[in-house]
Amino acid sequence: MKARAVTVVRYVLLAVVVGFAIAFFARQWGDIAEVIQAIPAGAVVLSSVALLIGMLANVLSWVTLLNGLGHVVPLPRGAQIMLVGQLGKYVPGSVWAYVMQMELGRQYGVARARVLVTALYAAGIGVVASLLLGVSIVPELAARHAAFGWLYLLLPIGLVCLHPRVMTWLSNLVLKAFRRPALEHRVRFRTILVAVAWSVLSDLLYGVHLQLLASEFAPATPLTVVMLGAALSLGFTASLIAFVLPSGVGVREFVVIAVLVSIVPLADASALALVSRAMFTAGDLLLAGIAVVVVLVLRRRLRPRDEATSEYE
């Protein structure tokens with residue numbers, strides 16, 4: 001009876017989260033439609049493809065970390081936990097994304113603590129990747145907006161935390177807090193490198209996505225792609241401090257606009273940031289839906305794997 005009640009609560013929470021995401025998208029649709037009409041259809045399609053591939057690269061970074069912290073979770077299952085769980089960021093108080101990911105992981109035999117460690121380190125690696133990519137534009141951002149000067153402090157701290165010894169020690173602290181056994185082995189350096197590489201690739205593809213949207217307003221160059229990818233990724237980093245807002249809404253756009261105004265007028269920069277935000281929302285919903293369909297199709301094949309590798313008795 002208790003298990004059934006927990007399952008019902010999970011599905012209710014998922015429905016609420018999806019509702020928040022759809023409501024956000026619907027509220028912005030009027031402004032979005034006007035800007036989309038000015039962007040060539042081909043550019044919108046290609047931009048969407050680049051965005052979705054970038055999101056998939058981010059999934060691979062997350063699953064790489066998850067598997068580096070314990071037994072191997074099949075990619076479809078890991079993608080489901082990450083993609084469906086992260087929809088919780090659309091509920092005010094982005095901690096819901098972590099809660100949903102932990103609950104989904106628990107449902108399929110992955111310890112909550114391990115999922116939480118994965119999510120926290122995925123966020124940390126995202127910060128490091130964004131700063132590595134954005135090192136060329138942080139000085140410009142800090143010059144215009146002094147508050148961004150704190151970003152300089154995050155890179156060395158992040159790099160230290162990504163050292164295998166430090167990452168393993170911090171992971172075990174989290175596991176200890178959850179009264180779970182320590183990791184059986186140290187997080188491998190290769191795991192960290194692969195996760196960072198996927199994260200950087202994801203950011204670059206996000207830059208391609210934004211450049212394609214802005215193709216009618218500004219010429220495309222490799223430097224512009226890197227700059228726009230850095231803007232989006234630094235926006236994600238800045239939005240981490242705005243956890244009370246759904247998906248850090250407004251904070252990410254502020255960073256993107258601050259960079260876009262160097263190549264397009266302010267009005268166009270604001271509109272492009274809004275369209276990009278809407279496309280990210282649509283992409284989150286689409287990929288989460290696809291992940292659910294895939295695991296439903298493969299459920300008979302995945303069930304024995306879930307049972308064999310379950311971390312619960």
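Here are some notes:
- With a Förster radius of 35 Å applied to the beta-carbon distance between Phe217 and Leu153, the computed FRET efficiency rounds to 0.55.
- Label-to-label distance, nm, for residues given as Ser310 and Ala267 (7 Å Cα→Cβ offset): 6.1
- Of the solvent-accessible surface of region 66-114, computed with a 1.4 Å probe over protein heavy atoms with every protein chain present, carbon and sulfur atoms account for 67 percent.
- A protection proxy built from the mean count of other Cβ atoms within 10 Å ranks the segments 265-278, 196-209, most packed first, as 196-209, 265-278.
- Taking all Cα pairs closer than 8 Å and separated by 6 or more residues, the relative contact order of region 40-116 comes to 19 percent.
- Gyration tensor (alpha-carbon) shape descriptor, region 149-223, a/c threshold 1.5: prolate
- Linear extension gain, Phe254 paired with Val49, 0.36 nm per residue minus alpha-carbon span: 71.4 nm
- Counting only protein chain heavy atoms and rolling a 1.4 Å probe, the accessible areas of Phe217, Phe280 rank, largest first, as Phe217, Phe280.
The values are calculated or read from the model by the stated rules, or taken from the named source; none is laboratory data. All of these numbers come straight from a predicted model, not from anything done at the bench. All Cβ positions, even for glycine, are placed from backbone atoms using ideal geometry, and neighbour counts span all protein chains on display. Surface accessibility is based on the protein's heavy atoms, side chains included, excluding ligands, DNA and RNA. Shrake-Rupley method; radii C 1.70, N 1.55, O 1.52, S 1.80 Å.
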